[in-house]
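The values are calculated or read from the model by the stated rules, or taken from the named source; none is laboratory data. Being a predicted model, the structure only gives us computed values, none of them experimental. Glycine gets a Cβ as well: all are built from the backbone with ideal geometry, and neighbour counts include every protein chain shown. The accessibility values were calculated without ligands, DNA or RNA, using every heavy atom of the protein model including side chains. Shrake-Rupley method; radii C 1.70, N 1.55, O 1.52, S 1.80 Å.
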Amino acid sequence: MSIVTSVTLNVPGTTANLGPGFDCIGAALTIYNQFNFTRLEAGGFIIHVTGAEAERVQTDESNLLYQAFVKLYQYIDQTPPPVKIEINLGVPLSRGLGSSATAIVGGLVAGNQLAGEPLSQTQVMELAIAMEGHPDNVVPALLGGCRLAATSQTGWEICDVPWHSDIVPVVAIPDFELSTAEARRVLPTEFSRADAIFNTAHLGLLLRGLETGKGQWLKAALQDKLHQPYRQALIPGYDAVNAAAVAAGAYGMVISGAGPTLLALADVSHAPAVEAAMSTAWKETGINAVVRSLCLDTQGAI
């Protein structure tokens with residue numbers, strides 16, 4: 001078997017939760033981090049980072065991409081080879097767009113490639129979920145598309161969620177951060193039966209709305225009672241941006257992942273107006289934001 005000496009990966013950023021799908025649904029978006037791993041003759045590892053916010057990425061053993069790479073080799077009971085790692089950032093850090101998921105998936109997939117692919121895609125996915133702690137970001141980052149993940153008696157069941165071609169994800173990425181840990185601290189530890197039923201019904205409606213593109217269903221489906229009501233206060237200008245997006249024709253707006261990026265869903269004809277309205281609304285509250293219409297990435301890590 002020939003030894004792979006270098007591998008380059010493109011891994012998509014993701015949006016998770018989509019309103020009522022807390023910790024179980026996510027979608028890959030057309031925004032990417034690129035990672036290149038090259039074997040070295042000797043030594044330990046070297047990490048070079050380029051792209052926006054490159055100076056904020058750790059280049060020592062605490063680097064999450066390298067940790068995932070090492071985790072793969074620990075799992076197969078081998079010593080990781082010396083490597084040079086080049087990172088080109090395209091997914092903003094700590095913004096709710098799955099930057100940590102891209103690192104986990106990138107490190108595991110690169111390690112598996114350099115090791116001669118001893119693990120199946122399913123095994124890599126299960127390792128990624130174990131590292132991340134929940135499936136909603138790492139699964140679409142690895143597989144692409146919109147994915148629903150549920151546990152079974154034997155592991156994970158992953159369901160591909162059809163996404164109607166007329167539905168455009170519009171992301172509004174502000175110039176401030178919100179850590180996942182902080183966003184989780186504000187959540188209650190228990191919920192009422194009524195709230196659980198509410199989210200169950202709305203998640204079902206969301207799945208049908210994404211499949212059919214039916215606007216009336218999507219407008220109702222994006223509501224949530226498990227995480228967004230508690231996290232909104234952490235995002236300045238949330239109400240203003242939400243009102244502007246809906247007034248411009250969006251089906252609705254949700255917090256992307258743990259935030260602070262906000263995600264609106266709109267049809268193709270309204271997406272440009274929704275982009276402009278979200279940008280203006282945040283600017284009027286004193287916050288600069290990059291607002292982009294993206295597409296669903298259907299390929300995952302390549």
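For the reader, a short list of remarks on this structure follows.
- Test: residue in the stretch 185-206 that is basic (Lys, Arg) and closer than 16 Å to Gly19 by Cα: no
- For the stretch 258-271, residues that are farther than 22 Å from Ser165 by Cα and either of a type outside the set (A, V, I, L, M) or open to solvent by 20 Å² or more (accessible area, probe 1.4 Å) (or both) total 3.
- Spans of helices (runs of 4 or more DSSP H) in the stretch 147-265 with at least 2 residues modelled with pLDDT of 95 or more and of a type outside the set (Val, Ile, Thr): 193-212, 215-221, 238-247
- Tallying residues that are open to solvent by less than 60 Å² (accessible area, probe 1.4 Å) and within 22 Å of the chain's Cα centre (by Cα) within the stretch 71-84 yields 1.
- Selection count where residues are within 20 Å of the chain's Cα centre (by Cα) and open to solvent by less than 10 Å² (accessible area, probe 1.4 Å), scope the stretch 201-212: 2
- Among (1) among the β-branched types (Val, Ile, Thr); (2) assigned to a strand (DSSP E or B); (3) more than 24 Å from Ser99 (Cβ to Cβ) - the single one Thr280 does not satisfy: (2)
- Counting only residues that are in contact (Cβ under 8 Å) with a residue 12 or more places away in the chain, over 13 Å from Leu265 (Cβ atoms) and open to solvent by 30 Å² or more (accessible area, probe 1.4 Å), the stretch 213-234 holds 6 of them.
- Considering the stretch 131-158, and only residues there that are open to solvent by 50 Å² or more (accessible area, probe 1.4 Å) and among the polar types (S, T, N, Q), the residue that is nearest to Asn63 (Cα to Cα) turns out to be Thr151.
- In the stretch 266-277, the residue that is farthest from Arg231 (Cα to Cα) out of those that are assigned to a loop (DSSP other than H, G, I, E, B) and not β-branched (Val, Ile, Thr) is Ser269.
- Residue among Asn10, Asn88, Asn33 that is touching a residue at least 12 places away in the same chain (Cβ under 8 Å) and buried (at least 19 other Cβ atoms within 10 Å of the Cβ): Asn33
- First in the stretch 236-261 and closer than 25 Å to Val138 by Cα, second anywhere and open to solvent by less than 10 Å² (accessible area, probe 1.4 Å) and of a type in the set (Asp, Glu), Cβ under 9 Å, 6 or more apart: Gly257/Asp136
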